[in-house]
Protein chains: 4
Amino acid sequence: MPTQEGLTFECDKLIRFHHCDPAGIVFYPQYFVLFNELVEDWFNQALGIDFADFHVKQHLGVPMGSVECRFVSPSKVGEMLRLNLRVERIGTSSMKFIVQAQAGGQVRVEAKLTVVLACMKTHRAVPITGELRDKFSAYLMSPPCQH
Amino acid sequence: MPTQEGLTFECDKLIRFHHCDPAGIVFYPQYFVLFNELVEDWFNQALGIDFADFHVKQHLGVPMGSVECRFVSPSKVGEMLRLNLRVERIGTSSMKFIVQAQAGGQVRVEAKLTVVLACMKTHRAVPITGELRDKFSAYLMSPPCQH
Amino acid sequence: MPTQEGLTFECDKLIRFHHCDPAGIVFYPQYFVLFNELVEDWFNQALGIDFADFHVKQHLGVPMGSVECRFVSPSKVGEMLRLNLRVERIGTSSMKFIVQAQAGGQVRVEAKLTVVLACMKTHRAVPITGELRDKFSAYLMSPPCQH
Amino acid sequence: MPTQEGLTFECDKLIRFHHCDPAGIVFYPQYFVLFNELVEDWFNQALGIDFADFHVKQHLGVPMGSVECRFVSPSKVGEMLRLNLRVERIGTSSMKFIVQAQAGGQVRVEAKLTVVLACMKTHRAVPITGELRDKFSAYLMSPPCQH
């Protein structure tokens, strides 16, 4: 019985003038701002979780725990980046995302982002349980065998 | 004969209101902006290389090739971050920096940043030679044996 | 004969987590980043001018000459801002935009932005002529009488 | 009896690579980020008010009410901007600052910034009284006659 692959979330982001540096290419911290938008879009558009309510009403957030990122090729103003997100691992209170940015048939950036589910009042980790875990799990790359 | 340790470059950065997010802590892409300032300060203050001339006159830059970064503990507005930079490795045209941010006796962020010496007109890698290599090498963590 | 009103360009921008400050509201310089996106969108979507080509190939830009801006009411993460742009005046080489941001039936920000058409190589003003003037003029609030 | 001039607060800000756009000059919203730093520095260094405590402990802030700003001449990476701040007017709960940025003997930007003293929990204006009013008043350009 084949291992079932999880879903991939995709969205497109236009490279703006304000993302670029004097060399005319994306200033690399701006990729992390775009990854932040990607995660917001994933919550809002795919998971059915209002990201603003998640923060403001539930006081939850997904602050970054660690990042591994390769900047393979530069991106320029006016390019449309296709971003995609998959979940590699879901731990007790953390998740590892595999994120890729592509344009013009090339990988531009690839990253592993480990976020922590945290209470934004206490800045403490919170276990990922119930409905949240179910929603995140749909994007898990190789979910465990069901039998 | 003991291995000689290289120099460490240090500078302090105040955490500003504009670095912080609605959770009241540094928005993580801002750490990379601060690391960019750290490298600029290293050039200007320690290496004796005017970073602006390096870009504008020599058309050289040190774009990011890859990043490994752990966000150990959050930082808040008004804290003074002590940043430090050492060089772990100097390759043909790339360098790996070890960067750490500390405050209140705690490590807040630790990162390995691999930058590439590149021509900002062609976006191509350029060999690190001569005086540049000498200057960077003074900050190399464990320089090769001299005998 | 009634004065003909010009067109209004509108677009929607989601208030992102990264636009907001520790007070949980949009950090005001971010409104200017959004206005920059608005002008880019106007070029790309309404005027039929590729903003990236305009910069990269024609070396033209519309740097800001002056700003008058009122921040009427704060905006929060998750709100959808409706931005609109009209042209109040077209001079020899400058234009004055009237820009408004609204959400929840309230004006949040209103601004007059005077941009200059400039060569980005020389940073000198360039006259607005021909097809460019025609395109901009369609958004002029009260075009001069035609007879 | 001559009108006594108030104090001027000055500080220097290096134009960083990350302040600049693909045209190689400061992206104008970044001036407002620098003005924000200027106000923070004024609190911390001149007024003897810890800006972080002001926010975090007293829940006070000085959000922007309105801006009038002229971008007179562009600034480039590596330039040292001299910023200065004076207070033109102190109202019940608002203040108007006159801010100027200079480099190389030229005015680069001049602005009038009207900020509001506000409670950051309620986003409501708060009267400027007592010690705060005294501290701000020392920077008032033309204080009222004392007799």
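Here, each number is a calculation from the coordinates, and none is a lab measurement. As the structure is a computational prediction, the values presented were derived from the model and not from experiment. Heads up, the Cβs are rebuilt from the backbone with ideal geometry, glycines too, and the neighbour counts pull from every protein chain shown.
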### HN-Hα J in Hz across the range B:78-92 - Karplus 6.51, -1.76, 1.60, θ = phi - 60°, x for Gly and Pro
x, 6, 9, 8, 8, 9, 9, 9, 10, 9, 8, 7, 10, x, 4
### Message
Can you list the copy-to-copy distances for B:Ser93, using a point 7 angstrom from Cα toward Cβ, in nanometres, shortest first?
### Response
3.8, 4.6, 5.9
### Summary
Along the range D:24-36, Karplus-curve 3J(HN,Hα) (6.51, -1.76, 1.60; θ = phi - 60°) to the nearest Hz, with x for Gly and Pro, reads x, 10, 4, 6, 4, x, 5, 4, 6, 5, 5, 5, 4
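Name the GluC sites (Glu not before Pro) in the range D:1-65 that are in a loop by DSSP and that have at most 14 other C-beta atoms within 10 Å, would you?
Qualifying residues, ordered by number: D:Glu5.
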#### Entry: Table column - 3J(HN,Hα) (Hz), the range A:60-73, Karplus curve with 6.51, -1.76, 1.60, x for Gly and Pro
9, x, 10, x, 6, x, 7, 9, 10, 8, 10, 9, 7, 7
### Message
Run lengths n ≥ 4 of DSSP H only: what is the helix-derived mean residue ellipticity at 222 nm for the protein assembly as shown, with -39500 (n - 2.57) per run over all residues, to the nearest 500?
### Response
-5000 deg cm²/dmol
## Note on the structure
At q = 0.09, 0.12, 0.17, 0.19 1/Å the base-10 log of I(q)/I(0) from the Debye formula over the alpha-carbon atoms of chain B is -0.30, -0.53, -0.99, -1.17
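Of all beta bridges DSSP finds with both residues in the range B:72-143, what is the antiparallel percent, to the nearest 5?
Working: 20 of 21 bridges.
In the range B:72-143, approximately 95 percent of DSSP beta bridges are antiparallel ones.
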### Query
Nm distances between the label at C:Val72 and the same-position labels in the remaining copies, 7 Å along Cα→Cβ, shortest first?
3.2, 4.7, 4.9
#### Entry: Cα centroid of the range B:84-147 to Cα centroid of the range A:61-133, whole Å
26
### Summary
Any residue on another chain or 5+ positions along whose placed amide H is under 5 Å from the amide H of A:Leu60 is listed here as A:His55, A:Met120
### Task
Could you estimate the translational diffusion coefficient of the range C:82-147 from the Stokes-Einstein equation, with Rh from the Kirkwood formula over C-alpha pairs, at 37 °C and 0.692 mPa s, in whole µm²/s?
247
### Message
Give me, ordered by chain and number, the residues 5 or more places off A:Val126 or on other chains with an amide H under 5 Å from its own placed amide H.
### Response
A:Leu117, A:Ala118, A:Cys119
#### Entry: In nm, spacing of pseudo-spin labels at D:His59 and C:Asp50 (7 Å Cα→C-beta vector)
5.3
### Task
Give, as a single signed number, the net charge of other residues whose beta carbon lies under 12 Å from the beta carbon of D:Lys96, with Lys and Arg counted +1 and Asp and Glu -1.
+1
### Query
Near the amide H of A:Leu14, under 5 Å away, which other amide H atoms are found, from residues 5 or more places off or on another chain, if H is placed in the peptide plane?
A:Leu81
### Message
What does the copy distance list look like for B:Leu14, label position 7 Å along Cα→Cβ, in nm and ordered from shortest?
### Response
1.6, 3.5, 3.7
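Using 29 Å as the Cα-Cα cut-off, could you pick out the over-long pairs in A:Lys121/C:Lys76; C:Lys96/D:Lys96; C:Lys76/C:Lys112; A:Lys76/A:Lys112; C:Lys121/D:Lys96; A:Lys13/D:Lys57?
Values: A:Lys121/C:Lys76 18 Å; C:Lys96/D:Lys96 24 Å; C:Lys76/C:Lys112 23 Å; A:Lys76/A:Lys112 23 Å; C:Lys121/D:Lys96 36 Å; A:Lys13/D:Lys57 38 Å.
In this structure, C:Lys121/D:Lys96; A:Lys13/D:Lys57 exceed 29 Å between Cα atoms.
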